[in-house]
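Novice: I have a structure I would like to understand better, so I am pasting it below and will then ask my questions one at a time.
The values are calculated or read from the model by the stated rules, or taken from the named source; none is laboratory data. Not measured: the values here are computed from a predicted model. Neighbour counts run over all protein chains shown; Cβ positions are idealised from the backbone, glycine included.
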Amino acid sequence: MSAVTTSFPNTAAAWDLPSRGKVAMAGLIIAESAIFTIFVVAYLFYLGKSITGPTPSQVLETPILYTICLLSSSLTIHLAAKSLERNYTRLFLGLWLLTIALGGLFLYGTAQEWHRLIYEHGLTISTNLFGTTYYSLVGLHAFHVTAGLVMLAIVAVFGLAGRLGVKQSGRIDVLSMYWHFVDAIWVVVFTVVYVLGR
Amino acid sequence: MFWSARSLWAAAPDGSSVHGTNIFSPASTPAKSIADLSVFVLAITGIIFVVVFALLIYSVVKFRERAMHAGREPAQVYGSMQIELAWTVIPILIVVVLFLATARVIHAVQDAPEPASALDVIAIGHQYWWEFRYPKLGIVTANELHIPLSDPSHPTPTFLQLLSADTDHSFWVPELAGKTDLIPNHPNRMWMDPRRTGVFVGQCAQYCGTQHAKMLLRVSVDGPEDFASWVRAQQKPAVEDAGVIAGRRVFERNACMNCHAAGGTPADGRFGPDLTHLMSRATIAAGAAENTHDNLRLWIQNPSAIKPGSLMPAMKLSDADLDAVVSYMETLH
Amino acid sequence: MSSNVITVPVGQTEARPWVDELHQWLTTVDHKRLGILYIVSALLFLVIGGVEALIIRIQLMHSHNNFVSPEVFNRMFTMHGTTMIFFVAMPVLFGFANYLVPLMIGARDMAFPRLNAFSFWLSFLGGLLLYFSFVGGSGLYGAGSAPDVGWWSYAPLGARAFSPGHSSDYWTLALLVSGFGSIGTAINIIATILSLRCPGMKLNRMPLLVWLNLVMAGMVLLAITPLSAAQIMLLIDRYLGGHFFDTQAGGSAVLWMHFFWIFGHPEVYILIIPCFAFMSEIIPVFSRKPIFGYPVMVAATVCIAFVSMSVWAHHMFTIGMNSYANSFFTLTTMAVGVPTGIKIFNWIGTMWGGRIQFKTPMLFSIGFLFQFLIAGLTGIMMAASPFDWQLSLSYFVVAHFHYVIVGGILFALFAAFYYWYPKMTGRMLSEKLGKWHFWLFLIGFHLTFDLMHIPGILGMPRRIYTYEPGRGWDTLNLLITIGAFIQAIAILVFVANLILSYFEGAEAGNDPWDAWTLEWSTSSPPPAYNFAMVPTVASRRPLWDQKHPEDPDSRYE
């Protein structure tokens, strides 16, 4: 065993490192982006390659309203997070619940669209390549929206119980990163499916 | 051992010489271009190995701890930008040289135009056998490919289109060409211009299921007359021998026709090999057994005895029916 | 004694009932315990995967052997590959990262201890799920058992039509589950390194092991996820009637290959980069010099990470890509050899002018250098795609990647074991048994894997349960099998060493190797909180500065 004679030097300089929550969420977003990229690649690769069945231009209707809902929810969650930083808890709660409502509306819109595609046009995940790639990509996104809504709902419960204040704004920031990511993915999916794909 | 240009291993039952599977005994232009490039690459990597290995051994021997060093640490050197530059630039140059040499061969082999004198063959991979079709000659056969010798002054290469009926396979006859895969819904193309006659062997190289190991390849490179006579024999209609009519009935009445085609019968199945000229082949079951009376009988009675996991079911024929159908098969020259 | 170490002499702790101890281990969130759990579970799977390898080798000992049926053989090579990559190599490397990274950056634990535990258990249970397939794989058609589709499960072989029953679902689900565990650990490593470094430890003062694990973790985020995505697609095909890889519906088998290898190639760099990390810590200590060219080593690793994302289709040279694609991947594959070679030169540069001590960790490190050099060069051979049209899918490739994984990764791991076991247990591993382990394993390794290149050159494809006599493959295969058994004996010596030394090994003390990074400043094993006082550092080798106050590194950085 070697002798350690002096203790470690001291530094007086400030030591500021990034927040671990934000770093972790950034990591998760990177990983999830890779998953979505693969589904997007499959979607683009298979455009026009279905042997049978309905094509995108025959059955797809651009979901403008529900897209606006989802993208506005990014604005509302951003404002909510800012209000919490300033301890305006009631404003925060209102904006937060509005975010959940807008996200919920988006999911309702997706459900409506799928209902129409399945029952009016006979397009399912097993119909053809378009069906498989469409439901997988949009479904994967909707799954992430749902997971996000669950987390937002949990926070809402704590908020309604009066347990949220400035001290939790760091965590709220991390959660809103996730929500912004979900919206950004929708911009990509929307472009690929409803703009490029038709 | 593997540097000899010849690699004759044995004589086939029909007397032709059977070549080996040594990638450094090329008998065709694609295989030769690859072998030549490989020697070049081996030489360069060999030099790199000798140099780095020498440095490693030298440092291990010269700088080992000795008693006189006890208690003192050696000079703490942190690095040297010049040295780093040197051993970055030199490898980059080596990569450039290797890449250029390689790119030439890639294009030469893959982008070779097909001359009018080429023979076209379609190879279709199945679990676990090879289907070969010669569209312009009207020939359908299985597992044993006959192609003409190619004379460099008047080349007659064979161009294969590679398709698959089920999973992925790979056509690998090392002394004739590098391997190319057979992938469903993804047609591929390869070529060879063999310069030596004889039988060249290989096998499927892409894992395709239980009996991947016994999906063997047999390529018979024939001189011009031999090839022409083989073609004529294959183009002939099926032999109709009245003496084996009982056996032919067994073939037609049982489920054989679901999978096999045989000229002279209504059988037109595509799942298994075409049997019209079965006896022109040296082996059965894609090379798993020699084409003898006993093997043929055993194969029809119980394919799992020869190739367990093969997709041919045991037909559960009575001994009498079995003997009859084998006699019929043996007339299909 | 430094004020930031509190040692608890052996014997003064109260003996605890074993149920209590077991409960502690099962519910721990301590990075050191989780690290050991990862390592021990990896060793268990190593033995199982090794037995699978021996079964393969016995079957291939001579032509037309029937030690096992083709069905069993095909399951053996599938399970061997899957086990070794996903349940041995990845966990053991995550285990060492877990143990060492917080200690080396002067932190008390990982950024997210509970996520850490969750990720470990996901990974371990994924392994159990894979092996449950032997029992549960038969499904509706009675057609299953363990998966037998190869560790790549190429389409359409993995489709319902060609793999009825559930055997390949166990492959898919086990890897999906453990994949999520890997992503969790990677996120944890990144957050720990970026957010929990002790004061003074700027990014360019981190030990190379920390740097390289940061790069590895970043690669995990980008490489494991394509596999997860592809596996979700495969499940959609198999259970929801999807057509992602259904060639009859216009789907593409080649698309699976692209997705798989976009994962598969970076994966092998994910495996080797932590081994580079071990070498970069161990070789300097046993050469008594700092690592030669620290900034270049970091830059080269980052370079490798980026370039390795662009080489994947060199696993697909035979599938019929056009000549431009083949040329592109030839170029990138050869290019990735440049930063890799630079690292080898830097390790030799570290040894150069040093005072080399041939303790067991260094023996394995020198073995690594020799073997990784050869493995890299056979890789360059196969980078030349026409050469690969012959070598691909043959035993030459099998020899190459085992040269990397066994000759490189496993040797580096052995070095790491001998080096850090004292820190983890407080005991030294036996040098005598270590040298027996090293030499036996070296001989067995070279007998097997040097010779294995030759059947490949002589045309022997891989994944075949038997082969024809008269191709010249028989004697070579027999010798290869003998080498495998020699390696097995060496592993037994290693396991014996691990167990015996735990009870009878010499006491290690804090710093048995006279090393320079922070983990050696605390006791062996460290207390649960790692450091009584969070250290502050002023250079890359804080303990060198302490031991040599007249000539600290901080003067030169």
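Novice: Among the residues of region C:458-472, are any crowded, with 19+ Cβ neighbours inside 10 Å and part of a helix (DSSP H, G or I)?
Specialist: Looking for residues that are crowded, with 19+ Cβ neighbours inside 10 Å and part of a helix (DSSP H, G or I), one finds none in region C:458-472, hence no.
Novice: Has region C:432-452 got at least one residue that is over 30 Å from residue B:34 (Cβ atoms) and of a type in the set (S, T, N, Q)?
Specialist: Checked against the condition, which is being over 30 Å from residue B:34 (Cβ atoms) and of a type in the set (S, T, N, Q), region C:432-452 yields no hits at all.
Novice: Which ones in region A:48-76 are farther than 21 Å from residue A:186 by Cβ and without any contact (Cβ under 8 Å) to a residue 24 or more places away in the chain?
Specialist: A:48
Novice: Residues A:123, A:152: which one is modelled with pLDDT of 95 or more, in a helix (DSSP H, G or I) and out of contact with any Lys or Arg (no Cβ under 7 Å at 6 or more places or on another chain)?
Specialist: Exactly one of A:123, A:152 is modelled with pLDDT of 95 or more, in a helix (DSSP H, G or I) and out of contact with any Lys or Arg (no Cβ under 7 Å at 6 or more places or on another chain), namely A:152.
Novice: Within region C:383-395, is there a residue that is surrounded by fewer than 24 Cβ atoms within 10 Å (Cβ to Cβ), out of contact with any Asp or Glu (no Cβ under 9 Å at 6 or more places or on another chain) and either in contact (Cβ under 8 Å) with a residue 24 or more places away in the chain or farther than 20 Å from residue C:505 by Cα (or both)?
Specialist: Within region C:383-395 (the criterion being surrounded by fewer than 24 Cβ atoms within 10 Å (Cβ to Cβ), out of contact with any Asp or Glu (no Cβ under 9 Å at 6 or more places or on another chain) and either in contact (Cβ under 8 Å) with a residue 24 or more places away in the chain or farther than 20 Å from residue C:505 by Cα (or both)), the answer is no, since none of the residues qualifies.
Novice: Looking for whichever is surrounded by fewer than 24 Cβ atoms within 10 Å (Cβ to Cβ), at negative phi and in contact (Cβ under 8 Å) with a residue 12 or more places away in the chain here; the options are C:130, C:125. Which one fits?
Specialist: Result of the check over C:130, C:125: C:125.
Novice: Let me ask something additional. Just to be sure I understand, how many residues within region B:83-142 are under 21 Å from the mean Cα position of the chain (by Cα), acidic (Asp, Glu) and within 14 Å of chain C (Cβ to nearest Cβ)?
Specialist: Residues in region B:83-142 being under 21 Å from the mean Cα position of the chain (by Cα), acidic (Asp, Glu) and within 14 Å of chain C (Cβ to nearest Cβ): 1 in total.
Novice: Further, regarding this structure: Residues of region B:189-213 being outside any loop (DSSP other than H, G, I, E, B) and within 13 Å of chain C (Cβ to nearest Cβ), which ones?
Specialist: Within region B:189-213, B:189, B:190, B:191, B:192, B:199, B:200, B:201, B:202, B:203, B:204, B:212, B:213 meet the criteria.
Novice: Looking only at region C:368-399, which residues are farther than 17 Å from residue B:44 by Cβ and either in a helix (DSSP H, G or I) or at pLDDT below 95 (or both)?
Specialist: Matches in region C:368-399: C:368, C:369, C:370, C:371, C:372, C:389, C:390, C:395, C:396, C:397, C:398, C:399.
Novice: Only one residue in C:270, C:283, C:304, C:262 is of a type in the set (A, V, I, L, M, F, W, C), over 30 Å from residue B:81 (Cα atoms), in a helix (DSSP H, G or I) and touching a residue at least 12 places away in the same chain (Cβ under 8 Å), so which one is that?
Specialist: C:262
Novice: If you don't mind, there's one more thing I want to ask. For region B:164-188, what are the residues that are more than 7 Å from every other protein chain (Cβ to nearest Cβ), buried (at least 24 other Cβ atoms within 10 Å of the Cβ) and not in a strand (DSSP E or B)?
Specialist: B:173, B:175, B:176, B:177
Results for (1) surrounded by 23 or more Cβ atoms within 10 Å (Cβ to Cβ); (2) of a type in the set (Ser, Thr, Tyr), shown as yes or no for each residue.
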{"position": "C:509", "(1), (2)": "no, no"}
{"position": "C:512", "(1), (2)": "no, no"}
{"position": "C:523", "(1), (2)": "no, yes"}
{"position": "C:529", "(1), (2)": "no, yes"}
{"position": "C:536", "(1), (2)": "no, yes"}
{"position": "C:540", "(1), (2)": "yes, no"}
{"position": "C:546", "(1), (2)": "no, no"}
{"position": "C:551", "(1), (2)": "no, no"}
{"position": "C:555", "(1), (2)": "no, no"}
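Novice: Return the residues of region A:126-146 that are within 10 Å of chain C (Cβ to nearest Cβ) and assigned to a helix (DSSP H, G or I); say none if nothing qualifies.
Specialist: If the condition is that a residue be within 10 Å of chain C (Cβ to nearest Cβ) and assigned to a helix (DSSP H, G or I), then A:129, A:130, A:131, A:132, A:133, A:135, A:136, A:139, A:140 are the ones that fit.
Novice: A further question follows. From (1) over 23 Å from residue C:149 (Cβ atoms); (2) at pLDDT below 95, pick out the condition that doesn't hold for residue C:71.
Specialist: Only one criterion in (1) over 23 Å from residue C:149 (Cβ atoms); (2) at pLDDT below 95 is unmet by residue C:71, namely (1).
Novice: To continue, here is another question. Under 6 Å between Cβ atoms, at least 6 apart or on separate chains: pull out the pairs that start in region A:115-133 with a residue that is surrounded by 13 or more Cβ atoms within 10 Å (Cβ to Cβ) and end on any residue that is basic (Lys, Arg).
Specialist: Here the result reads A:129/A:49, each pair linking region A:115-133 to a residue that is basic (Lys, Arg).
Novice: Continuing with the same structure: Quick one: would you say residue A:99 is at pLDDT 95 or above, surrounded by 17 or more Cβ atoms within 10 Å (Cβ to Cβ) and closer than 19 Å to residue A:68 by Cβ?
Specialist: Yes, satisfied.
Novice: With the requirement that a residue be more than 7 Å from chain A (Cβ to nearest Cβ) and part of a helix (DSSP H, G or I), what does region C:234-259 give you?
Specialist: C:234, C:235, C:237, C:238, C:239, C:247, C:248, C:253, C:254, C:256, C:257, C:258
Novice: If residue C:361 satisfies every condition in (1) surrounded by 22 or more Cβ atoms within 10 Å (Cβ to Cβ); (2) at the interface with chain B (Cβ under 9 Å from one of its Cβ atoms) but one, which is the exception?
Specialist: Status for residue C:361: all satisfied but (2).
Novice: Still on this structure: Given the conditions (1) crowded, with 16+ Cβ neighbours inside 10 Å; (2) assigned to a helix (DSSP H, G or I); (3) of a type outside the set (S, T, N, Q), report the number of the one that residue A:54 does not fulfil.
Specialist: Failing condition for residue A:54: (2).
Novice: For region C:236-281, give me each residue that is farther than 15 Å from residue C:226 by Cβ, among the aromatic types (Phe, Trp, Tyr) and within 31 Å of the chain's Cα centre (by Cα).
Specialist: Once the filter is applied, which keeps residues that are farther than 15 Å from residue C:226 by Cβ, among the aromatic types (Phe, Trp, Tyr) and within 31 Å of the chain's Cα centre (by Cα), region C:236-281 yields C:276, C:278.
Novice: Moving to a separate point now. Within the group B:23, B:48, which residue is at pLDDT 95 or above, buried (at least 17 other Cβ atoms within 10 Å of the Cβ), within 7 Å of chain C (Cβ to nearest Cβ) and part of a loop (DSSP other than H, G, I, E, B)?
Specialist: One residue alone meets the criteria, B:23.
Novice: Related question: How many of the residues in region B:257-280 are of a type outside the set (Gly, Ala, Ser) and buried (at least 19 other Cβ atoms within 10 Å of the Cβ)?
Specialist: 8
Novice: What is the number of the single condition among (1) away from every other protein chain (no Cβ under 11 Å); (2) modelled with pLDDT under 95 that residue C:433 does not meet?
Specialist: The number of the failed condition is (2).
Novice: Okay, moving on. Any idea which residue in region B:237-262 is farthest from residue B:123 (Cα to Cα), counting only those that are in a loop (DSSP other than H, G, I, E, B) and free of Cβ contacts under 8 Å to residues at least 40 places away in the same chain?
Specialist: It comes out as B:240.
Novice: Follow-up. Taking residue C:183, is it β-branched (Val, Ile, Thr), within 13 Å of chain A (Cβ to nearest Cβ) and either farther than 22 Å from residue C:236 by Cβ or not in a helix (DSSP H, G or I) (or both)?
Specialist: No: the conditions fail for residue C:183.
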